[in-house]
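The values are calculated or read from the model by the stated rules, or taken from the named source; none is laboratory data. The model shown is predicted, which means the values in this text are computed figures rather than measured ones. Cβ sites come from the backbone with ideal geometry, for glycine too, and all protein chains shown count toward neighbours.
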Amino acid sequence: MKLRKFFVVSLSFIFILCISSLLNAKTPVSMEERIEAGKGLFQAKNCSYCHSIKGEGGNSGPDLSKWESIESPILWAAIMWNHVPGMIKTYDEKKIAYPDFEGEEIAYVFEYIHSVAENKGGAIAFPGEEDTGSFFFQYLGCKLCHAAKGEGGELGPDIANVVNSVKSDGEFAGLMIKHAPYMSRSAEMQKMLWPKLKGNEMAHLFAYFKSLKK
Ligand code: HEC
Ligand code: HEC
């Protein structure tokens, strides 16, 4: 079973690498290049403002080289999503720009963190189910603002249009993180609790979104 997960993760990884190399010559291709890009982004996106790596950097968050790092873009998306309400206040107070991640940049950051982690957990693939994702879409209030297959709110874009451009778990993670500050502010205004997501819940949502692709 573990071996199978390993293969699924490695295969999707190879697939992502092929796609990104086809799309853009400047996209980091090898794992070394991705990790190097992640290291730069960790600084550029102000993660280092609060986090240190091997004792170097800020100290209002944990030293991420000591964090038990798991290899799973979907889980990283969930971790960052849950992290937003805690992070955003400081970004606002210090007037530092909230990190905008393009393409798979957030995956590079986590690949960098993983490469320096003293405590490496395994790779986890979360299987997602469309129907459960559709349930969460409603349950988490996404549908109040977003239509899916033409049915739902109109404040945000139709999710089918959004997912058409998304090619990997890493890109999906980037989109969710980009969107989180908007959600966080509107949740605060409506005195709503932040909808924290577990890894498998994020996977269900993504499986549902993928099923909407035109
Ligand atoms: C404003 C300060 C701040 C910034 C900026 C910040 N973090 Fe954090 N981070 C924290 C704090 C505090 C915690 C511990 C409490 C929590 O999880 O919210 C944490 C926890 C984490 C964790 C561990 C989560 C867990 O579940 O154990 C990860 C991974 C992480 N941050 C990654 C990042 C990355 C990547 C960035 C840059 C995109 C970033 N952080 C930017 C303050 C920050
Ligand atoms: C209060 C209204 C509201 C709710 C609730 C809401 N969204 Fe959004 N969403 C928007 C708006 C407005 C945009 C476009 C502006 C933006 O990206 O912030 C958007 C954009 C997005 C995007 C595209 C981001 C991009 O940069 O292209 C995704 C993905 C998304 N939402 C997913 C979700 C999910 C998943 C949920 C439920 C957990 C959700 N949204 C809940 C209003 C909402």
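General observations
- Of all the listed residues (Glu93, Glu111, Glu118, Glu129), the sole one being among the acidic types (Asp, Glu), surrounded by 20 or more Cβ atoms within 10 Å (Cβ to Cβ) and either farther than 21 Å from Asn161 by Cα or touching a residue at least 12 places away in the same chain (Cβ under 8 Å) (or both) is Glu111.
- Gly128 meets all of the listed conditions (1) under 15 Å from the mean Cα position of the chain (by Cα); (2) within 16 Å of ligand 2 (Cβ to nearest atom) but one, namely (1).
- In the range 132-170, residue surrounded by the most Cβ atoms within 10 Å (Cβ to Cβ) [restricted to those that are within 12 Å of ligand 2 (Cβ to nearest atom) and of a type in the set (Asp, Glu)]: Asp158
- Residue count for the range 96-108, restricted to those that are surrounded by fewer than 17 Cβ atoms within 10 Å (Cβ to Cβ) and among the charged types (D, E, K, R): 2
- Among the residues listed as Lys210, Lys214, the single one being at pLDDT below 85, surrounded by fewer than 21 Cβ atoms within 10 Å (Cβ to Cβ), away from ligand 1 (no atom under 16 Å from the Cβ) and not hydrophobic (A, V, I, L, M, F, W, C): Lys214
- Qualifying residue in the range 18-33 (condition: modelled with pLDDT of 85 or more, assigned to a helix (DSSP H, G or I) and within 11 Å of ligand 1 (Cβ to nearest atom)): no
- Conditions (1) buried (at least 20 other Cβ atoms within 10 Å of the Cβ); (2) more than 11 Å from ligand 1 (Cβ to nearest atom); (3) of a type in the set (Val, Ile, Thr): number failed by Ile177: (2)
- Residues located in the range 100-148, provided they are among the charged types (D, E, K, R) and more than 16 Å from ligand 1 (Cβ to nearest atom): Glu129, Glu130, Asp131, Lys143
- Single residue of the range 183-207 satisfying the filter (within 8 Å of ligand 2 (Cβ to nearest atom) and either exposed (fewer than 13 other Cβ atoms within 10 Å of the Cβ) or within 12 Å of the chain's Cα centre (by Cα) (or both)) that is modelled with the highest pLDDT: Leu197
- Among the residues of the range 52-91, those that are more than 8 Å from ligand 1 (Cβ to nearest atom), assigned to a loop (DSSP other than H, G, I, E, B) and more than 28 Å from Gly128 (Cα to Cα) comprise Lys54, Gly55, Asn59, Asp63.
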